[in-house]
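Asks: Let me begin by handing over the structure; questions about it come next.
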Amino acid sequence: MRLILLGLPGVGKGTQAKLLAERVGLLHVSTGDMFREAAAAGTALGKQAQEYMAKGALVPDEVTIGMLLERIAKPDAAVGLMLDGFPRTIPQAEALDRALAGQGTQIDAVLYIQVPEAELVARLTGRWSCPICGAIYHMLTKPPKAAGVCDACGAALSQRADDQPATVNARLETNRAWTEALAEFYGKQGKLHAIEGMGSMEGITARLMDALARVPSATQKA
Ligand code: AP5
């Protein structure tokens, strides 16, 4: 099964992708995580990506598409994909469709998580995450057991530089039109499932699982 989690910054793509990928047995691929890892490693790709991420802009398609297609061509992607943060533009979606068609596969479903923008600002500006294992927290809605320390691996938690209020607004502005265009693109393919993204994290996981149960290829493999 090959799935896309679509939605504006902060709707919960990363939170839900980690849970769903494990539950359904898919490889979780986050282009945001890949860019942050490259930036932390100080590679040329990371330095280039960092310039765009710091402004709340998209990393150019020429860079992003090649990186993603290389990742999903690796043997461990054969189990199936949970794509988080890709595609972000129509050229990315078209390149993905072409690459998967070349492998004799396709996207099975696009889960479009929707949350009002005022809530997204509160979610992103209160987010803390673990730079070692990637666990995601929120100071109000999902605090760690000990302040500033990851429950899962004990590392010190940090805030993303692009979660400052001004950059959050720039990210929402950047992504709004593209997200709507992608919803239309996959809607025309009959693959779009709209998911209400307000409520408890467990409740949203249940809604996503319900939507997946209606995807023909998911039912065949269950
Ligand atoms: P990326 O890392 O993909 O960021 P994003 O899309 O902006 O999404 P986020 O990771 O900020 O949010 P999320 O939806 O995963 O929410 P989360 O689960 O963390 O991309 C970063 C940058 O990289 C981009 O700006 C761009 O520059 C570049 N980039 C990446 N991909 C690219 C591409 N394809 N093309 C070009 N450039 C690209 O949750 C957020 C918070 O809310 C957390 O604190 C969480 O605990 C909390 N939360 C989650 N669910 C709930 C709930 N139900 N109730 C209350 N709180 C909740």
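Asks: May I ask for log10 I(q)/I(0) of the stretch 35-152 at q = 0.23 Å⁻¹, from a Debye sum over the Cα atoms as equal point scatterers with solvent left out?
Replies: -1.34
Asks: Among Tyr186, Tyr52, Tyr112, which one shows the highest mean-square fluctuation when the chain is modelled as a Gaussian network with alpha-carbon springs under 10 Å?
Replies: Among Tyr186, Tyr52, Tyr112, the largest mean-square fluctuation in the Gaussian network model of the chain belongs to Tyr52.
Asks: For the chain, modelled as a GNM with alpha-carbon contacts under 10 angstrom, which of Arg88, Arg127, Arg71 fluctuates the most?
Replies: Arg71
Asks: Can you give me the accessible area per residue for the chain, using a 1.4 Å probe, in Å²?
Replies: 49
Asks: Using a Gaussian network model of the chain whose springs link C-alpha atoms within less than 10 Å, name the residue from His138, His28, His193 with the highest mean-square fluctuation.
Replies: Looking only at His138, His28, His193, the biggest GNM fluctuation is shown by His138.
Asks: Now for a different question. Using the Cα centre of the stretch 1-147 as the reference point, and only Cβ charges (+1 on K/R, -1 on D/E), how large is the resulting charge dipole? Debye, rounded to the nearest 20.
Replies: Roughly 460 debye, rounded to the nearest 20.
Asks: What does the net charge come to around Glu62 if you take all other residues with beta carbon closer than 15 Å to its beta carbon, with K and R at +1 and D and E at -1?
Replies: Around Glu62, the surrounding residues sum to -3.
Asks: If you don't mind, there's one more thing I want to ask. Given Cα pairs under 8 Å that are at least 6 residues apart, what percent is the relative contact order of the stretch 1-110?
Replies: Computed over the stretch 1-110, the figure is 44 percent.
Asks: Let me ask something additional. Of the heavy-atom accessible surface of the chain (probe 1.4 angstrom), what whole percent is carbon and sulfur?
Replies: The value for the chain is 57 percent carbon and sulfur by accessible area.
Asks: Pull out a ≥ b ≥ c, the square roots of the eigenvalues of the alpha-carbon gyration tensor of the stretch 145-222, then state rounded if a/c is under 1.5, prolate if not and a/b is larger than b/c, and oblate in the remaining case.
Replies: Judged from the Cα gyration tensor, the stretch 145-222 comes out oblate (a/c at least 1.5, b/c at or above a/b).
Asks: Additional query: Once you sort the root eigenvalues of the Cα gyration tensor of the stretch 109-193 as a ≥ b ≥ c, which label holds: rounded (a/c under 1.5), prolate (a/b larger than b/c) or oblate (the other case)?
Replies: Here the stretch 109-193 falls in the prolate category.
Asks: Distance from the Cα centre of the stretch 93-136 to that of the stretch 54-86, in angstrom?
Replies: 11
Asks: Once Rh is set to the Kirkwood radius over Cα pairs, what Stokes-Einstein translational diffusion coefficient, in µm²/s, holds for the chain at a temperature of 37 °C and a viscosity of 0.692 mPa s?
Replies: Rounded, D is 183 µm²/s.
The values are calculated or read from the model by the stated rules, or taken from the named source; none is laboratory data. Values in this document were obtained by computation on a predicted structure and should not be read as measured data. FYI the Cβ positions are ideal-geometry reconstructions off the backbone, even for glycines, and counts take in every protein chain you see. Areas reflect the complete protein model, heavy atoms only, side chains present, ligands, DNA and RNA absent. Shrake-Rupley method; radii C 1.70, N 1.55, O 1.52, S 1.80 Å.
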